[in-house]
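Nothing in this text is a laboratory measurement; each read-out follows from the coordinates by a stated rule. Given the structure is predicted, the values throughout are model-derived calculations rather than measurements. Quick reminder, even Gly has a Cβ in these numbers, built from the backbone with ideal geometry, and neighbours come from all protein chains shown.
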């Protein structure tokens, strides 16, 4: 397998299909050339950090819904103003907005491997993405206690300048995560497709990445 592309392309009637590789088996059905991994976890669970390492080693494109939303806020567009209000209140944005931002970012990329960080944040978003775009090849869930996540976020907030890195908003985000995103984990856990991978992100960054890499290798090469 070279350059992240599947070993075989099918479609010619006179072409005999060869044995499928691990990558062939997990590609999206609606967009057969695309591989998507959702990276989920609470605020401060280390999603961005782990995504950076995956991108470096495996040439994925990292799409952070949070970053896309913050960029939209910075643009001061009408949508950006709606997003800013939602973020300040610790609420989720409308699913249509999230899907549009993600789809536009994917369409602009020439890469076909995507890490989508912080999405889906509720079951409605998960179902909408699967309906409008495709099913994920893997759902990576980084488990972390609220105490550790709060400590990390407060340390980050001291220097980040992010509007959602203050104690009041952090607690609202935790409540939203418990109410909206935990059901997403259960949704994929009960899907019967074996796409959900749970990894504790409370350990050292490199220790966590070691477990993440094992899951990636199982997805891509087994």
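Sort the range 73-158 into rounded, prolate or oblate with this rule: let a ≥ b ≥ c be the square roots of the eigenvalues of the Cα gyration tensor; rounded if a/c is under 1.5, and if a/c is not under 1.5, prolate when a/b is larger than b/c, oblate otherwise. Oblate, because a/c is 1.5 or more while a/b does not exceed b/c. Based on every Cα atom in the range 91-139, Rg and the maximum pairwise Cα distance Dmax equal 10.6, 32 Å. Taking the range 108-123 and a reference point 7 angstrom along Cα→Cβ of residue 71, the backbone N atoms nearer than 19 Å belong to 108-121.
One way to sum up the overall shape of the range 108-222 is the equivalent ellipsoid from its Cα gyration tensor, whose semi-axes run 26, 19, 15 Å, largest first. In this entry, the range 174-222 is assigned a mean projected area of 4.3 nm², taken as a quarter of its C-alpha convex hull surface.
Extension gain, residue 151 to residue 104, is 13.5 nm, computed as 0.36 nm per intervening residue step minus the present C-alpha separation.
Quick one: Debye curve from the alpha-carbon atoms of the range 56-109 only, equal weights, vacuum; give me log10 I(q)/I(0) at q = 0.12, 0.15, 0.17, 0.22 Å⁻¹ to two decimals. Debye output, listed in q order: -0.29, -0.44, -0.54, -0.81.
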